[in-house]
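The values are calculated or read from the model by the stated rules, or taken from the named source; none is laboratory data. Note that the coordinates shown come from a computational prediction; the quantities given were computed from them, not determined experimentally. Because the Cβ atoms are built from the backbone with ideal geometry, glycine has one as well, and the counts that use them run over all protein chains shown. Note: areas computed on protein heavy atoms with side chains; ligands, DNA, RNA excluded. Shrake-Rupley method; radii C 1.70, N 1.55, O 1.52, S 1.80 Å.
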Amino acid sequence: MSLKDRIISDLTAAMKAQDAGRTSTLRMVKASLMNRKIEKGDELTDDEVQKALQSLVKQRRDSVQQYEKVGRTELAAKEAAEISVIESYLPRAATPDEIESAVGAAVNETGASSIKDMGTVMKAAMARLAGKSADGRVVSEAVRKRLG
C-alpha cells in the first residue's frame with residue numbers, strides 16, 4: 001500500500017471514529033497532496049509524498065513558533081497536534097547524535113575547513129541522512145557549529 005493510500009485509508013478510519021482533530025489534519029494533507037498531483041500532472045511517488053509531508057511539518061513548526069511569540073498557546077497546541085499526526089507518516093527522525101556524526105563524516109569527506117564550504121558539507125550530510133527525517137535547519141546549525 002502506498003503512503004498516499006495509507007493516508008486516505010486512515011482518513012476514512014478517523015472519520016468513522018469521529019476523531020475530529022485527526023480527520024481535519026488528514027483532510028488537509030490529502031488536499032495538499034491533490035494540489036501537488038495537479039501541479040505535477042501525474043501521480044506522486046512515495047518520495048514526493050514524503051517531501052510534501054516534510055514541507056507541511058516545517059510549515060507547522062514555523063506556525064508554532066509564531067503563535068508562541070504572540071502568546072497564542074491554544075493555536076500553537078493545535079499546530080503541534082497536527083505535526084504529530086503528519087510525522088506518523090514520515091520515517092523516524094534523525095537523532096542529534098546521528099546528525100552530528102553525519103556532519104562530522106561529511107566534513108571529513110569533503111575536506112571542508114571554513115564556513116565557505118558549508119554548501120558542500122550540507123549536501124554530503126543530507127545525503128548521509130537520507131531515509132531519515134532530518135530538519136535542514138538543525139543540520140545547518142550543526143554544520144555551522146562544526147565549521148565556525
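In the stretch 56-83, the residues that are farther than 11 Å from Thr25 by Cβ and aliphatic (A, V, I, L, M) form Cβ pairs under 8 Å with partners that are open to solvent by 90 Å² or more (accessible area, probe 1.4 Å) and part of a helix (DSSP H, G or I), at six or more places apart or across chains, as follows: Ala76/Glu68.
Within the stretch 115-140, being in a helix (DSSP H, G or I), in contact with a helix residue (DSSP H, G or I) (Cβ under 9 Å, 6 or more places away or on another chain), under 30 Å from Ile86 (Cβ atoms) and not hydrophobic (A, V, I, L, M, F, W, C) holds for Lys123, Arg128, Gly136, Arg137, Ser140. Here Asp62 fulfils each of the conditions (1) farther than 22 Å from Lys4 by Cβ; (2) buried (at least 18 other Cβ atoms within 10 Å of the Cβ); (3) modelled with pLDDT of 90 or more apart from (2). Kindly indicate whether Leu33 is closer than 22 Å to Pro91 by Cβ and within 18 Å of the chain's Cα centre (by Cα). Criteria met by Leu33. When Ala112 is tested against (1) part of a helix (DSSP H, G or I); (2) open to solvent by less than 90 Å² (accessible area, probe 1.4 Å); (3) over 25 Å from Met1 (Cβ atoms), just one condition goes unmet, and that condition is (1). Among the residues here, Asp10 does not qualify as part of a loop (DSSP other than H, G, I, E, B) and either modelled with pLDDT under 95 or under 20 Å from the mean Cα position of the chain (by Cα) (or both). The residues in the stretch 1-55 that are open to solvent by 40 Å² or more (accessible area, probe 1.4 Å) and among the hydrophobic types (A, V, I, L, M, F, W, C) can be counted, and the count is 10.
Only residues that are touching a residue at least 24 places away in the same chain (Cβ under 8 Å) and charged (D, E, K, R) were counted in the stretch 17-29, giving 1.
Which one of Ala127, Ala102, Ala52 is more than 30 Å from Asp10 (Cα to Cα) and in contact with a Lys or Arg (Cβ under 7 Å, 6 or more places away or on another chain)?
Numbers: Ala127 fails: in contact with a Lys or Arg (Cβ under 7 Å, 6 or more places away or on another chain); Ala52 fails: more than 30 Å from Asp10 (Cα to Cα).
Just a single option satisfies the conditions, and that option is Ala102.
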